[in-house]
Amino acid sequence: MSVTETPTIAPTDAVEPMPPLPPEAAERLEAFLQRVQGIAETLIGYPCSQDFDHTNLQPFLRYALNNVGDPFADSIYRENTFEFEREVVAFFQKHLRAPEGLTWGYVTSGGTEGNLYGLYLGRELFPDGVVYYSEHTHYSVAKIVRVLGARSIMIRGRPDGEMDYDDLYETLKLRRDVPPIIMANIGTTMHGAVDDLRTIRAMLADLAITRYYIHADAALSGMILPWVEDPQPFGFDAGVDSVAVSGHKFIGSPIPCGVALAVRRNVDRVARSVEYVGCMDTTIAGSRNALNPLILWCAIQRWGEEGLRRRAQRSLAMADYAVARFRDHGIKAWRHRNSVTVVFPNPGMEIISRWQMAPQRGIAHIITLPHVTQSTVDRLVEQAAECLGASKGGEE
Ligand SMILES: *Cc1c(COP(=O)(O)O)cnc(C)c1O
């Protein structure tokens with residue numbers, strides 16, 4: 001049975017333009033903008049750079065851009081930014097030291113999706129594998145392991161944030177028959193610690209484990225280590241199979257994003273398994289944000305390698321400045337080599353909430369990304385010192 005309705009609007013070539021915002025709604029947005037501006041200036045507790053201005057991309061807000069599918073394959077939907085996405089991927093491949101032609105990648109919605117991607121490939125390669133991750137691993141990983149239905153073992157962490165390698169070794173030794181899928185932290189969220197890929201691989205060799213997968217979670221440090229003189233091992237040349245980096249952390253972006261890179265041969269296995277549905281469905285999401293590749297591409301074009309290096313140097317110098325200021329007040333602050341995460345004793349809830357900081361047990365941290373100024377550090381340190389001094393009765 002079919003019903004024929006009489007449309008009340010006759011079809012024409014005229015498309016109704018989107019109505020303007022009602023005045024009250026426009027006022028609310030304006031007030032919100034003011035609030036955001038205030039918050040952005042003091043953001044020091046989370047690793048999101050704020051020194052960007054992508055308002056030149058405004059004209060693209062009028063189009064239904066969508067990067068559905070594999071950026072390196074043809075897509076029927078051509079309103080995409082694949083050509084920019086491919087260049088962004090190439091930039092990350094170069095700086096994460098991928099051997100020419102042997103890796104593949106795409107722009108993700110952030111570090112979490114990149115971690116999901118890496119562990120997904122690891123699990124596809126070794127369906128019976130066990131995921132090993134340290135207790136300092138980002139909270140997303142425990143969730144990812146559940147989503148994948150993978151078996152996992154949490155490895156103890158050292159107080160400074162690195163993996164407890166003895167615990168890893170003993171655990172691997174007990175289950176030499178099961179291929180390990182190892183999550184290595186290239187900059188832990190709380191301490192900025194880098195797990196030693198050389199030590200991890202030496203242990204695998206020592207135990208004669210030849211079937212293994214290593215994923216590197218390089219959310220923040222993956223875009224800092226390429227710009228320092230003496231980086232810890234962190235990229236494909238250090239033997240990892242996949243890497244996740246966030247785009248909105250060190251580089252900075254108005255929309256969260258990231259890049260996932262992986263050894264192509266492993267990606268091909270996953271791609272092949274869905275070829276029967278007629279497309280190269282290599283990404284986690286179907287429809288993907290097409291503005292993110294433009295944002296990252298513009299940032300790369302505008303800063304260039306030298307600009308990104310300057311930003312990294314400035315951030316590290318600011319981290320040293322913060323450590324020194326804390327110590328002037330008798331507070332034992334510290335940072336890892338090549339890290340912009342400054343760790344100090346938890347100053348209490350008042351400072352934590354005023355400065356939007358992430359506490360963990362007895363510690364807190366600030367992250368001195370390029371938008372952070374000396375005067376912001378000064379203010380924070382003074383306020384934290386007051387609270388810490390008061391709680392200790394003024395000693396130290
Ligand atoms: C921030 C972070 C993540 C998560 O990244 P998102 O971009 O927020 O999804 C994962 N791992 C580490 C180490 C992080 O610092």
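The values are calculated or read from the model by the stated rules, or taken from the named source; none is laboratory data. This structure is a prediction, so every number in the text was calculated from the model and none was measured. Neighbour counts run over all protein chains shown; Cβ positions are idealised from the backbone, glycine included. Note: accessible area is taken over every heavy atom of the protein model, side chains too, but ligands, DNA and RNA are not part of it. Shrake-Rupley method; radii C 1.70, N 1.55, O 1.52, S 1.80 Å.
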Among residues of the stretch 213-244, those that are more than 16 Å from the ligand (Cβ to nearest atom) and under 19 Å from residue 116 (Cβ atoms), counted: 2
Given (1) more than 16 Å from the ligand (Cβ to nearest atom); (2) among the hydrophobic types (A, V, I, L, M, F, W, C); (3) open to solvent by 60 Å² or more (accessible area, probe 1.4 Å), index of the condition residue 284 fails: (1)
Qualifying positions in the stretch 105-140 - open to solvent by less than 10 Å² (accessible area, probe 1.4 Å) and not in a helix (DSSP H, G or I): 105, 106, 107, 108, 110, 129, 130, 131, 132, 134
Of the numbered conditions (1) on the phi > 0 side of the Ramachandran plot; (2) open to solvent by 70 Å² or more (accessible area, probe 1.4 Å); (3) of a type outside the set (D, E, K, R), residue 338 fails exactly one; give the number of that condition. (2)
Does residue 323 satisfy being free of Cβ contacts under 8 Å to residues at least 60 places away in the same chain, among the β-branched types (Val, Ile, Thr) and either touching a helix residue (DSSP H, G or I) at 6+ places or on another chain (Cβ under 9 Å) or not in a loop (DSSP other than H, G, I, E, B) (or both)? yes
Looking at the stretch 247-262 only, could you name the residues that are assigned to a loop (DSSP other than H, G, I, E, B), more than 10 Å from the ligand (Cβ to nearest atom) and buried (at least 24 other Cβ atoms within 10 Å of the Cβ)? none
Condition first: within 16 Å of the ligand (Cβ to nearest atom) and either at pLDDT below 95 or in contact with a Lys or Arg (Cβ under 8 Å, 6 or more places away or on another chain) (or both). Can you find one or more residues in the stretch 31-43 that meet it? yes
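Here's the yes/no breakdown for (1) aliphatic (A, V, I, L, M); (2) open to solvent by 10 Å² or more (accessible area, probe 1.4 Å):
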{"residue": "162", "(1), (2)": "no, yes"}
{"residue": "168", "(1), (2)": "yes, no"}
{"residue": "172", "(1), (2)": "yes, no"}
{"residue": "178", "(1), (2)": "yes, yes"}
{"residue": "182", "(1), (2)": "yes, no"}
{"residue": "187", "(1), (2)": "no, yes"}
{"residue": "198", "(1), (2)": "no, yes"}
{"residue": "202", "(1), (2)": "yes, yes"}
{"residue": "215", "(1), (2)": "no, no"}
Residue selected from the stretch 1-59 under the condition open to solvent by less than 100 Å² (accessible area, probe 1.4 Å) and acidic (Asp, Glu), by the criterion nearest to residue 220 (Cα to Cα): 51
Can you say whether residue 191 is closer than 21 Å to residue 110 by Cβ, within 16 Å of the ligand (Cβ to nearest atom), open to solvent by 30 Å² or more (accessible area, probe 1.4 Å) and assigned to a loop (DSSP other than H, G, I, E, B), as far as the supplied structure shows? no
Number of the condition not met by residue 244 [criteria: (1) among the aliphatic types (A, V, I, L, M); (2) within 19 Å of the chain's Cα centre (by Cα); (3) open to solvent by 10 Å² or more (accessible area, probe 1.4 Å)]: (3)
